[in-house]
Amino acid sequence: MRVGAECVFLGRSTLDLLYQVPEFPREDTKIMATRSLAQCGGPALNAAVTFAFLGGLAHLISAVGRGGTSEIVKAELQRYGVRLTDMCDDEGFSPPVSSVVINAASGSRTIFNAPALPFGQAAEFPIPSAPLLLADGFYVSETLAILGGFRERGGVICLDGGSWKPETEALLPLVSIAICSERFQPPGIRTIEETLDYLAARGISYAAITRGKSPIAGCDRGHRFSIAIEPVDAVDTLAAGDILHGAFCWYFLRGENFEDSLRAAAKIATLSVRFFGGREWMAHFDREGR
């Protein structure tokens, strides 16, 4: 890849309220957080910020609007140099707010998502000209024609499969690369091997299943492989998957193969969980040694 090449990230943007606690609270109790943070989030947004930080031109297509918290999201995207195409230029719409409880003992996160606000018909915009597009599975019905046009003109679509969603079935025929979490389970599928078989049968040449601190299971055009994850003391795992996706896009567009791109991206995701919030890792990233 030439430095400055572009990747499109299509999907969800949120405002995340993070609370680190000594242990997950029991029902009907109060607990004092040891740390708290408000930051922008969402799978597509976090991946776009990561890609831009690593040196790429990130183009985020998302619903941000002009409501109360919209300017916070826009300001963070501008800070990291992420170009925004707003699907919802509506003063009554704001990105949904998520509350996230992070267990200080394990780094695990529990997310409380607010219902997504309806915003009517998505704004019209041209088919992006980038070589790669990462879709997180949100807003598929609103953007299916754009995704189809992107694929028809030769663009490669990578699925960030955090979980199986009702619209995933319509998206899969357009996908060439799928990087999914172990919670991504198509109907009737129970094991990771079955998931990889399912994706291969749908014509997806490159697929991987992330499993937290357990090894990544991957398939490159029929060749199965595994990537070990370096053991670390995790502080916050909230954005690790999103960071992995953004970093993968960066390395893959540089010309590295699927497995090596995943391996490099996993190192960055592992670095990120050592710190609180989804951006602190950037101050500790060694660009030469990854």
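Could you pull out every one of the strands (runs of 3 or more DSSP E) wholly within region 1-56 that has 3 or more residues that are surrounded by fewer than 21 Cβ atoms within 10 Å (Cβ to Cβ) and touching a strand residue (DSSP E or B) at 6+ places or on another chain (Cβ under 6 Å)? Spell out how you get there, then give the answer.
Working: elements: 6-10, 14-21, 35-41.
Ranges flagged: 14-21, 35-41.
Matching residues to (1) touching a Lys or Arg at 6+ places or on another chain (Cβ under 8 Å); (2) within 23 Å of Arg35 (Cα to Cα):
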site: Ala240; (1), (2): no, yes
site: Ala264; (1), (2): yes, no
site: Gly277; (1), (2): no, yes
site: Asp286; (1), (2): no, no
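Taken residue by residue, region 88-101 has at least one member that is of a type outside the set (S, T, N, Q), buried (at least 24 other Cβ atoms within 10 Å of the Cβ) and either out of contact with any strand residue (DSSP E or B) (no Cβ under 6 Å at 6 or more places or on another chain) or closer than 18 Å to Ala123 by Cα (or both). Say we look at region 173-194 and pick out the residues that are farther than 28 Å from Gly107 by Cα and among the hydrophobic types (A, V, I, L, M, F, W, C); which of these is surrounded by the fewest Cβ atoms within 10 Å (Cβ to Cβ)? If we take residues in region 173-194 being farther than 28 Å from Gly107 by Cα and among the hydrophobic types (A, V, I, L, M, F, W, C), then Ile189 is surrounded by the fewest Cβ atoms within 10 Å (Cβ to Cβ).
Contact list please: Cβ distance under 7 Å, first residue in region 227-255 and without any contact (Cβ under 8 Å) to a residue 40 or more places away in the chain and under 22 Å from Pro131 (Cα atoms), second residue assigned to a helix (DSSP H, G or I) and open to solvent by less than 40 Å² (accessible area, probe 1.4 Å), pairs at least six apart or on different chains. Correct list of pairs: Tyr251/Ser261; Tyr251/Ala264; Tyr251/Ala265. Exactly one residue among Ala105, Ala130 is open to solvent by less than 50 Å² (accessible area, probe 1.4 Å), touching a residue at least 12 places away in the same chain (Cβ under 8 Å) and of a type in the set (Gly, Ala, Ser), and that residue is Ala130.
Within the bounds of region 153-164, is there any residue that is farther than 23 Å from Gly278 by Cβ, of a type in the set (A, V, I, L, M), surrounded by 17 or more Cβ atoms within 10 Å (Cβ to Cβ) and without any contact (Cβ under 8 Å) to a residue 60 or more places away in the chain? There is at least one residue in region 153-164 that is farther than 23 Å from Gly278 by Cβ, of a type in the set (A, V, I, L, M), surrounded by 17 or more Cβ atoms within 10 Å (Cβ to Cβ) and without any contact (Cβ under 8 Å) to a residue 60 or more places away in the chain. Tallying residues that are of a type outside the set (S, T, N, Q), touching a Phe, Trp or Tyr at 6+ places or on another chain (Cβ under 7 Å) and in a loop (DSSP other than H, G, I, E, B) within region 163-194 yields 4.
The values are calculated or read from the model by the stated rules, or taken from the named source; none is laboratory data. Predicted model only: the values in this text are computed from it and were never measured. Neighbour counts are summed over all protein chains in view; Cβ atoms, including those assigned to glycine, are modelled from backbone coordinates with ideal geometry. Surface areas here come from the heavy atoms of the whole protein model, side chains and all, with no ligands, DNA or RNA. Shrake-Rupley method; radii C 1.70, N 1.55, O 1.52, S 1.80 Å.
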